[in-house]
Amino acid sequence: MKFELVAHTLCPYVQRSVITLLEKNVAYTRTDIDLSNKPMWFKRLSPLGKVPLLKVNDDDVLFESAVICEYLDEVTPGNLLPEHAIDKARHRQWIEYGSSMLNLVANYYNAASEAEFNQLSGALRDGFERLETLIVGPYFAGECFGMVDAVYAPIFRYFDVFETLTESHLFDRLPNINQWRAQLLARHSVMAAVKQNYAAELTDFICAKNSYLAQLIKLRSETRL
Ligand SMILES: N[C@@H](CCC(=O)N[C@@H](CS)C(=O)NCC(=O)O)C(=O)O
């Protein structure tokens with residue numbers, strides 16, 4: 001089978017698809033596009049105008065990362081989701097929860113004021129606290145890396161970068177999350193899901209905004225000079 005992933009260098013939904021492709025040892029090609037200047041062929045292919053897309057054998061085009069990941073899981077040996085319906089449903093709900101966390105992350109780095117930023121930091125903290133009690137370790141559900149892990153790795157990757165740029169207490173006193181985070185970010189598929197200049201590219205992307213986080217980062221880098 002022939003697979004092509006239509007992608008963007010920073011997109012966390014793309015990352016979960018790449019992690020799945022790598023975990024399942026699937027050969028694929030990747031085409032990154034500029035989301036601020038979407039090519040006409042992309043607009044025609046993508047019903048929601050979003051990445052990722054997975055082209056399959058030049059016949060089908062799949063959209064929505066959760067659908068792409070589940071499809072890849074089904075057509076390759078091994079399972080990244082549990083076998084039993086209730087366990088599978090449980091994993092799918094925490095995958096959905098991960099997508100809401102990603103919306104919070106986007107609102108957090110786009111927040112215009114300190115008050116909005118603090119409110120979003122609180123919401124993120126609440127979200128991570130809820131997860132803290134669920135992690136079996138070393139991965140979400142135990143010894144095996146699964147699809148839930150592929151979803152949370154890109155979320156944690158944001159904070160790996162943010163923590164080098166600003167002071168953050170979001171992950172204080174969350175031992176299970178911190179252990180899970182470290183385990184995920186050291187995994188080959190997770191590391192290989194972004195390019196080597198990811199941190200610099202994300203920093204530039206944030207700093208080009210007029211957001212409170214961008215101001216914090218710039219202030220910190222000025223005081224370091
Ligand atoms: N629910 C979608 C979300 C994908 C998504 O939001 N992708 C973003 C980039 S991270 C996108 O393509 N946005 C379109 C745009 O920026 O115009 C999925 O899971 O695939």
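The values are calculated or read from the model by the stated rules, or taken from the named source; none is laboratory data. Source: prediction; values computed, not measured. Don't worry about glycine lacking a Cβ; one is built from the backbone with ideal geometry, like all the others, and counts go over all protein chains shown. Quick note on the areas: whole protein, heavy atoms, side chains included, nothing else; ligands and nucleic acids left out. Shrake-Rupley method; radii C 1.70, N 1.55, O 1.52, S 1.80 Å.
Quick look at the values:
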quantity: Filter pass, Ala200 being in contact with a His (Cβ under 9 Å, 6 or more places away or on another chain) and open to solvent by 10 Å² or more (accessible area, probe 1.4 Å); calculated: no
quantity: Residue in region 43-91 that is surrounded by the most Cβ atoms within 10 Å (Cβ to Cβ), counting only those that are within 13 Å of the ligand (Cβ to nearest atom) and closer than 25 Å to Leu134 by Cα; calculated: Cys69
quantity: Where a residue in region 202-214 is of a type in the set (A, V, I, L, M) and its partner, wherever it lies, is outside any helix (DSSP H, G or I), with Cβ under 6 Å and at least six apart; calculated: Leu202/Leu10
quantity: Filter result (open to solvent by 40 Å² or more (accessible area, probe 1.4 Å), more than 24 Å from Ser65 (Cβ to Cβ) and in a helix (DSSP H, G or I)) within region 127-153; calculated: Glu129
quantity: Matching residues in region 97-119 - criterion: being under 20 Å from Ala208 (Cα atoms), among the aliphatic types (A, V, I, L, M) and either open to solvent by 30 Å² or more (accessible area, probe 1.4 Å) or in a helix (DSSP H, G or I) (or both); calculated: Leu102, Leu104, Val105, Ala106, Ala112
quantity: Restricting region 22-40 to residues that are in contact with a strand residue (DSSP E or B) (Cβ under 9 Å, 6 or more places away or on another chain), more than 15 Å from the ligand (Cβ to nearest atom) and among the hydrophobic types (A, V, I, L, M, F, W, C), the residue that is least open to solvent (accessible area, probe 1.4 Å); calculated: Val26
quantity: Count - residues of region 2-21 that are more than 15 Å from the chain's Cα centre (by Cα) and more than 12 Å from the ligand (Cβ to nearest atom); calculated: 3
